[in-house]
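Peer 1: Mind having a look at this structure? Questions to follow.
The values are calculated or read from the model by the stated rules, or taken from the named source; none is laboratory data. All figures in this text were calculated on a predicted structure; none of them were measured in a lab. Quick reminder, even Gly has a Cβ in these numbers, built from the backbone with ideal geometry, and neighbours come from all protein chains shown. Just the protein is used for accessible areas: all its heavy atoms, side chains included, with ligands, DNA and RNA removed. Shrake-Rupley method; radii C 1.70, N 1.55, O 1.52, S 1.80 Å.
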Amino acid sequence: ADLRLEKDLGEPILQIAAGQFISSTAETALAVLHPRRLVVYSVRATAGGFTQKQTKDDVFYSLDQMYVHRLTRTACNMCWGAFGGQRAGGLSGPKGDSICVQSMDGQIYVLEQETFAFARYLNNFLLPG
């Protein structure tokens, strides 16, 4: 079985990223960028069959929505990681990845896991990318 996960998210997907986007765990999560929101999902493995002899082919995956960031402007793209070498969560908090979303009209949103950090409009903006 080649198909491990399929889910209709109900709106266009602009970009997908894998990283440490959930502050309560170090597990890898999926960030899905839609035109007006960013949704973070945990990926959970579930057994596919009820036989006594299961193989790796019997494992399937499901998405559990963890949180949503609503965007006031239409998104174009995103990048993620430890911006400036600093992991989200600071020195005392859990470590994770931050996400920067760029809108079609030059606004950037910086998101530190579940927390909205800030948004800025880029002056002299011409085209996203």
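Peer 1: Keeping to region 109-129, report how many residues are open to solvent by 80 Å² or more (accessible area, probe 1.4 Å), in contact with a strand residue (DSSP E or B) (Cβ under 7 Å, 6 or more places away or on another chain) and among the polar types (S, T, N, Q).
Peer 2: 0
Peer 1: Any residue in region 63-78 that's free of Cβ contacts under 8 Å to residues at least 40 places away in the same chain and more than 15 Å from L127 (Cα to Cα): show its pairings with residues that are open to solvent by less than 40 Å² (accessible area, probe 1.4 Å) and aromatic (F, W, Y) at Cβ separation under 8 Å, as long as the two are six or more apart or on different chains.
Peer 2: Here the result reads D64/Y41; Q65/Y41; L71/Y109, each pair linking region 63-78 to a residue that is open to solvent by less than 40 Å² (accessible area, probe 1.4 Å) and aromatic (F, W, Y).
Peer 1: Another question, then. Considering only residues that are touching a residue at least 24 places away in the same chain (Cβ under 8 Å) and of a type in the set (K, R), look in region 1-47 and name the one that is farthest from V110 (Cα to Cα).
Peer 2: Among those that are touching a residue at least 24 places away in the same chain (Cβ under 8 Å) and of a type in the set (K, R), it is R4.
Peer 1: Answer yes or no as to whether V59 is open to solvent by less than 70 Å² (accessible area, probe 1.4 Å) and at pLDDT 95 or above.
Peer 2: Answer is no for this residue.
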